[in-house]
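To start, the structure under review is shown below, and the notes come after it.
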Amino acid sequence: PVRLLERLLKLVIPMKKDKIVIADWFAGSFSCCEAVINLQAEFPEKAFEFIGTEIDEEYFNLGKNRIDNLKNKNNDILRK
């Protein structure tokens, strides 16, 4: 679950740094990327960057679409 990933990331990321890079070498459905996007919203003063890889093209495309939809949804919310 994304909320669990957020909690786990908060335990291990160096919050004293201004730029934080999180890598997921087995991205699958890109849940970790969604958690990073949520953390960026929670900590706007930090610069989060996500690096994700997925060997299966189908999973990669599904995950990329998931993140694109999430970003579009967040942009619509910010515009209001």
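The values are calculated or read from the model by the stated rules, or taken from the named source; none is laboratory data. Here the structure is a predicted model, which is why all the values come from computation and not from measurement. Please note: Cβ atoms are built from the backbone with ideal geometry, for glycine as well, and neighbour counts cover all protein chains shown. These area figures cover heavy atoms from the full protein model, side chains too; ligands, DNA and RNA do not enter into them. Shrake-Rupley method; radii C 1.70, N 1.55, O 1.52, S 1.80 Å.
Mind listing whichever residues of the stretch 1-47 are outside any helix (DSSP H, G or I) and among the small types (Gly, Ala, Ser)?
Scanning the stretch 1-47 gives ALA23, ALA27, GLY28, SER29, ALA47.
Conditions: (1) in contact (Cβ under 8 Å) with a residue 12 or more places away in the chain; (2) closer than 18 Å to ASN72 by Cα. GLN40 meets all but one. Number of the miss?
(1)
Of the conditions (1) open to solvent by less than 30 Å² (accessible area, probe 1.4 Å); (2) touching a Ser or Thr at 6+ places or on another chain (Cβ under 9 Å), PHE26 clears all except one; give me its number.
Unmet for PHE26, out of (1) open to solvent by less than 30 Å² (accessible area, probe 1.4 Å); (2) touching a Ser or Thr at 6+ places or on another chain (Cβ under 9 Å): (1).
Residues that are open to solvent by less than 60 Å² (accessible area, probe 1.4 Å) and modelled with pLDDT of 95 or more: does the stretch 14-21 have at least one?
yes
Among (1) in contact with a strand residue (DSSP E or B) (Cβ under 8 Å, 6 or more places away or on another chain); (2) surrounded by 11 or more Cβ atoms within 10 Å (Cβ to Cβ), there is one condition THR53 misses while meeting the rest; what is its number?
All conditions pass for THR53, except number (2).
If a residue must be of a type in the set (D, E, K, R) and at pLDDT below 90, how many such residues does the stretch 54-80 contain?
Matching residues across the stretch 54-80 total 5.
So is LEU4 in contact with a helix residue (DSSP H, G or I) (Cβ under 9 Å, 6 or more places away or on another chain), modelled with pLDDT of 95 or more and open to solvent by less than 60 Å² (accessible area, probe 1.4 Å) or not?
Judged against the criteria, LEU4 is not a match.
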